[in-house]
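The values are calculated or read from the model by the stated rules, or taken from the named source; none is laboratory data. Worth saying up front: this structure is predicted, and the values here are computed from it rather than measured. Every residue, glycine as well, gets a Cβ built from its backbone with ideal geometry; the counts of neighbours run over all protein chains shown.
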């Protein structure tokens, strides 16, 4: 029996977490259960299209789709940007407006890891040690 690859292990973890059999995932992704088995055991290496289809079928977060692509030896398909990036300015403005309208109640915006990235005036007054 071949040793599992990092990609295969990760794919198997996600598949099981989603409660899918290899056959169910294969049908959703337009593949075969045998091919999914070969990928999970490292006997076959998936291309970018298949990795993205599998990720979509399991409804993985964008960041985890990039991780799967990298584990498969492929380039990430989705660019990750810092909140300070000029491209995200309209989104920052929208979040700031929502937080501003939340006053006089404390409000904070968190990133995907639960870190505080933005706060409103009331939140800063109520929690003086809270740093975005």
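Of all residues in region 32-46, those being surrounded by 16 or more Cβ atoms within 10 Å (Cβ to Cβ) and within 23 Å of the chain's Cα centre (by Cα) number 4.
Have a look at 49, 84, 8, 19 and point out the one that is assigned to a helix (DSSP H, G or I), loosely packed, with under 13 Cβ neighbours inside 10 Å and without any contact (Cβ under 8 Å) to a residue 40 or more places away in the chain. Talk me through it step by step, then tell me what you get.
Details: 84 fails: assigned to a helix (DSSP H, G or I); 8 fails: loosely packed, with under 13 Cβ neighbours inside 10 Å; 19 fails: assigned to a helix (DSSP H, G or I).
Checking each option against the conditions leaves just 49.
Suppose we keep only residues that are more than 16 Å from residue 91 (Cβ to Cβ) and exposed (fewer than 14 other Cβ atoms within 10 Å of the Cβ) within region 107-125. Which one would you say is modelled with the lowest pLDDT? Applying the filter and picking the extreme gives 113. If you go through region 100-132 and keep only what is under 30 Å from residue 60 (Cα atoms) and touching a helix residue (DSSP H, G or I) at 6+ places or on another chain (Cβ under 8 Å), you end up with 107, 108, 109, 112, 118, 119.
Looking at 74, 130, 99, 60, can you tell me which residue is part of a loop (DSSP other than H, G, I, E, B), over 30 Å from residue 9 (Cα atoms) and either free of Cβ contacts under 8 Å to residues at least 40 places away in the same chain or under 13 Å from the mean Cα position of the chain (by Cα) (or both)?
Numbers: 74 fails: over 30 Å from residue 9 (Cα atoms); 99 fails: part of a loop (DSSP other than H, G, I, E, B); 60 fails: over 30 Å from residue 9 (Cα atoms).
Unique residue meeting the criteria: 130.
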